[in-house]
1. Looking at the range 134-151, which of the residues that are at pLDDT 75 or above and part of a helix (DSSP H, G or I) is surrounded by the fewest Cβ atoms within 10 Å (Cβ to Cβ)?
2. Restrict the check to the range 311-326 and report whether at least one residue is closer than 22 Å to V292 by Cα, buried (at least 20 other Cβ atoms within 10 Å of the Cβ) and either among the acidic types (D, E) or touching a residue at least 60 places away in the same chain (Cβ under 8 Å) (or both).
3. Please pick out the residue among G370, G416, G463, G376 that is surrounded by 16 or more Cβ atoms within 10 Å (Cβ to Cβ), over 21 Å from I285 (Cβ atoms) and either assigned by TED's automatic domain parsing to the domain that holds V306 or among the acidic types (D, E) (or both).
4. Check the range 316-324 and report whether any residue there is in the same structural domain as F474 (by TED's automatic domain parsing) and within 17 Å of M448 (Cβ to Cβ).
5. For the range 453-470, state whether one or more residues are at positive phi and in contact with a Phe, Trp or Tyr (Cβ under 8 Å, 6 or more places away or on another chain).
6. Scan the range 284-300 residue by residue and report those that are more than 15 Å from M327 (Cα to Cα) and buried (at least 19 other Cβ atoms within 10 Å of the Cβ).
7. Filtering the range 33-44 down to residues that are farther than 17 Å from S62 by Cβ and part of a loop (DSSP other than H, G, I, E, B), which residue is modelled with the highest pLDDT?
Amino acid sequence: MSNNNGSGQGKWAITVLRCAIGWHFLYEGLAKIASTHWTAQGYLAGAQGPLADVYHWIAASSQLLPVVDRLNMYGLALIGLALFLGVAIRFAAVSGIVLLALYYFAYPPFGGTILSPTEGTLYLVNKNVVEALALAVVLFARERGYGLYGLISALKAGKATEPAEEVASNSRREVLKHMAALPVLGVMGYGASKQLSGGRVDGFSGATLKLTVPSIKDLAGTLPKGKLGKFELSRLVMGGNMIGGWAHSRDLIYVPDLSLAYNTEQKIFDTLMLAEKAGINAINIGWPSNPVLQKYKKVTGSKIIVISQVAPDMKNQDYFREINLAMDCGADILQVQGNWTDVLSRDNKFDVIAQMLDKIRSQGHVAGLGAHSVEGLVLCEEKGIIPDYYMKTLHHDRYWSAHPVENRTSYEVMGGNSPDHNKFHDNMFCAFPEKDVAFVERVKVPVMGFKILAAGAIQPNDGFNWALQNGADFICVGMFDFQVIKNVNTAIEVLANLKDRKREWYS
């Protein structure tokens, strides 16, 4: 049986090219479908260039945006599937070129700085252009390669002049070649499904990924660092409450939702990239935020040090579940979450704290112990439970919303808000600051101060100076993107002019 459809090498070459592009499109689509909360709104709202108004209009339309989201997700998946399997190849190629053109004109690469890692800093030609040109080759090439489209012709008996056995043999070989993509797709699909399960990868990804790193031209200098175990951390560590939505906003009940609405996944990524460029190389997060940090590091290649808070599952007596899952997500440093240290020490369950610290250390990780109430840390110390570092709330009480000292009690943070304005109402995390300072000044391991601004009640220069002057080796501060540069500059200035610090640096 003769081959009139091009050389075997040419057919395989166009097949591999077509399948590679098809897999990229298919994966992009499936990743977005798997991420149940994915939307192109942030991508469209930030669009630039001559067609920006059109994209902004779509992003602002509550009726049109869901339609565009579905067209994007399922369009990517269907185009990719068609290209990979070899069905409606010409139509899929044209559709793919159109889609890539839409991505291109949302963020036209008209130049920028070569020092920034974002795609938009290229000039004229970016990966969307390259992929569109590759699709143009698939579209205009006379050869379509192997695929399901060829099964029908391959299954025909062939030329009547050829012997029946030779026709059958050649037909079977052609059928197998045209079906070659099926098992490959199965293997790749299985691997992708494992990656996509649990939302671990790419809720928004390559073809529509656009990260904007704001300018750091106003940065005042270099942020000092200190040692914590085997890690060298910036003295200013980013807090994770803004990402997780724990705003501690007193009676402003809308602020947690506002914080979550502002900090979209893309905004989180942009903020972290800015923080890293500004010199912050570590973040302390609540355990639920581990997947988004794992994803951030995977998508951007970041080396940011992730400090994960972990809690025991007391109901099922599984003290290590969150520890194991945080490690699986790539957390670098683990600490017993502050609320749980308060609860466990108050309830005389010191064995749980000890077991959790031992488990973290047994896996080669630095083990921290967080707390709001200093009484719990003192009791742990008396029982010989000493962590690799303390994570302690550390702020003064000279601010307007602090409730009167005569109404404060130990462990009051765990008691919930009081209806009495003069008692605890999510407004104070150091009930007795002088006791906190006395504890910090005598311990011989590093101390990371957190809630040092009393959840926004204290000015940064005041709070930074007070915590560092009274013994903190690191300060952990939650911040929005527009606060990053100011906070870094404040930390640099305070550290450079720190006076009357009594405690030696333990990092």
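1. Start the filter on the range 134-151 by keeping residues that are at pLDDT 75 or above, which leaves 134-147.
Add one more test, that the residue is part of a helix (DSSP H, G or I), and what stays is 134-140.
On the way: A134: 19, L135: 26, A136: 14, V137: 13, V138: 22, L139: 15, F140: 9.
So, considering only residues that are at pLDDT 75 or above and part of a helix (DSSP H, G or I), the one surrounded by the fewest Cβ atoms within 10 Å (Cβ to Cβ) is F140.
2. For the range 311-326, residues closer than 22 Å to V292 by Cα, buried (at least 20 other Cβ atoms within 10 Å of the Cβ) and either among the acidic types (D, E) or touching a residue at least 60 places away in the same chain (Cβ under 8 Å) (or both): present.
3. Answer to the selection: G376.
4. No, because not a single residue in the range 316-324 is in the same structural domain as F474 (by TED's automatic domain parsing) and within 17 Å of M448 (Cβ to Cβ).
5. Here is the first cut: in the range 453-470, the residues at positive phi are 454-456.
Applying the additional criterion that residues be in contact with a Phe, Trp or Tyr (Cβ under 8 Å, 6 or more places away or on another chain) yields 454-455.
Yes, that holds for at least one residue.
6. Y296
7. S35
Residues checked against (1) modelled with pLDDT of 90 or more; (2) touching a Leu at 6+ places or on another chain (Cβ under 9 Å); (3) outside the structural domain of T300 (by TED's automatic domain parsing):
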residue	(1), (2), (3)
L26	yes, yes, yes
A31	no, yes, yes
H56	no, yes, yes
S62	no, no, yes
Y74	yes, no, yes
L78	yes, yes, yes
R90	yes, yes, yes
V94	yes, yes, yes
P117	no, yes, yes
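The values are calculated or read from the model by the stated rules, or taken from the named source; none is laboratory data. No experiment lies behind these values; they were computed from the predicted model shown. Every residue, glycine as well, gets a Cβ built from its backbone with ideal geometry; the counts of neighbours run over all protein chains shown.
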